[in-house]
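The values are calculated or read from the model by the stated rules, or taken from the named source; none is laboratory data. This is a predicted model, so every value here is computed, not measured. A quick note on method: Cβ atoms are made from the backbone with ideal geometry, for glycine too, and the neighbour counts reach across all protein chains shown. These accessible areas exclude ligands, DNA and RNA; they are computed on the full protein's heavy atoms, side chains included. Shrake-Rupley method; radii C 1.70, N 1.55, O 1.52, S 1.80 Å.
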Amino acid sequence: MTETGGPERRHHGNRHGRSEAARQAVLRAADDLLAEKGFAGVTMEGIAARAGVAKQTVYRWWSSKTAVLVDAFVEDLAEELTPPDHGRLALDLPAYLAQLAHVLSGTDTGAVFRALIAQAQHDPAFGADFRARYLDVQRGRDRLPLERAVDRGELPAGLDVAAETDRLVGPLYYRVLVTDEPVGREYTDRLAEDFLRRATRDAGRP
């Protein structure tokens, strides 16, 4: 009861009126449909039906199916891809590269990523929005193992972390998106070992 004696008003969802449970259901539905039917097979109507909400509810929160899919992807990636921190680059780097390769090539989140990248090639406006929302955040994750190593003194302070990160993860994205070659642990460990060997050699130069 309220102080005035009337029935207590329960708050459903956040201050914008969204129901978090319904929002999560929509995001899960979008993920599932994309994995099952591909980008062309996903519709706002289909998302609403799979999520068990009204179509108007989905449109109230998102302007298009691509907006739903990007939100779902960004949230999934944040949950599934956190760079480990074991206190040593020799442990962190191979673990993170293996984790990244698995997410990109062996999960539903990776399937969503590949579908969104494909769509970006045909829709420049969507591509610009997707890269703006995804790329900066993901590149920050990719750089984190090297940045921590610089902070710990394992790597030189003047290291071009952005360039070195591109050299590390670029081959993974190339295999996943272009050649479809395997990116298993043997491959990612080799990438990590090559970097560590080169970094150790360069650190020993006068």
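Listed values, structure above:
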{"read-out": "Close pairs (7 angstrom Cβ cut-off, 6 or more residues apart or separate chains): without any contact (Cβ under 8 Å) to a residue 12 or more places away in the chain in the stretch 25-48, open to solvent by less than 50 Å² (accessible area, probe 1.4 Å) and part of a helix (DSSP H, G or I) anywhere", "value": "G41/L33"}
{"read-out": "Residue tally, condition among the acidic types (D, E) and within 14 Å of Y96 (Cβ to Cβ), over the stretch 138-185", "value": "3"}
{"read-out": "Within the stretch 131-185, tally of residues that are open to solvent by 30 Å² or more (accessible area, probe 1.4 Å), under 19 Å from V70 (Cα atoms), without any contact (Cβ under 8 Å) to a residue 24 or more places away in the chain and not basic (K, R)", "value": "3"}
{"read-out": "Residue selected from the stretch 99-114 under the condition open to solvent by 20 Å² or more (accessible area, probe 1.4 Å) and in a helix (DSSP H, G or I), by the criterion farthest from E164 (Cα to Cα)", "value": "D108"}
{"read-out": "Pairs, first closer than 22 Å to L34 by Cβ in the stretch 95-110, second of a type in the set (D, E, K, R) and part of a helix (DSSP H, G or I), C-beta under 6 Å, six or more apart", "value": "V103/E80; D108/D31; T109/D76; T109/E80"}
{"read-out": "Filtered residue count, the stretch 154-188, keeping only those that are acidic (D, E) and either under 18 Å from L91 (Cα atoms) or not in a loop (DSSP other than H, G, I, E, B) (or both)", "value": "4"}
{"read-out": "Flag if D151 is of a type in the set (D, E), closer than 23 Å to E79 by Cα and either modelled with pLDDT of 90 or more or in a helix (DSSP H, G or I) (or both)", "value": "no"}
